[in-house]
Amino acid sequence: MNKIIIYRKDNCGLCEEVEVLVDLLKMDSEIEFEKVDIMGNILLERKYLLEIPVLVVNGYELDYRRINLDSIRERLH
């Protein structure tokens with residue numbers, strides 16, 4: 001089973017686009033998908049506020065500059 005975590009916040013258009021990519025991949029792969037809202041968590045806000053969305057795909061972190069369908073697919077089993 002693949003595990004994908006998205007670090008996101010509300011009203012984030014890029015976050016919504018990335019979630020659509022994950023939904024597309026879920027059609028062909030077994031994926032456990034967790035959404036983590038960074039707002040209200042000071043540590044996550046400091047780490048990710050200017051970088052969201054951030055995906056962690058099977059332990060490998062992709063920031064918004066490197067997220068596309070192929071970069072996610074490469075990290076799936």
- Query: What do you reckon, is Asn11 among the polar types (S, T, N, Q) and either under 12 Å from the mean Cα position of the chain (by Cα) or at pLDDT below 95 (or both)?
  - Reply: no
- Filter the range 15-46 for residues that are within 15 Å of the chain's Cα centre (by Cα) and of a type in the set (Val, Ile, Thr); which is farthest from Asp63 (Cα to Cα)? Ile31
- Hey, could you check the range 63-77 for residues that are free of Cβ contacts under 8 Å to residues at least 12 places away in the same chain and under 13 Å from the mean Cα position of the chain (by Cα) and say which is nearest to Ile4 (Cα to Cα)? Ser71
- From the set of residues in the range 25-58 that are farther than 17 Å from Cys12 by Cβ and in contact (Cβ under 8 Å) with a residue 24 or more places away in the chain, which is most open to solvent (accessible area, probe 1.4 Å)? Glu30
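The values are calculated or read from the model by the stated rules, or taken from the named source; none is laboratory data. None of the values given here were measured: they were computed from a predicted structure. Cβ atoms come from the backbone with ideal geometry, glycine included; neighbour counts cover every protein chain shown. For accessibility, only protein heavy atoms count, side chains too; no ligands or nucleic acids. Shrake-Rupley method; radii C 1.70, N 1.55, O 1.52, S 1.80 Å.
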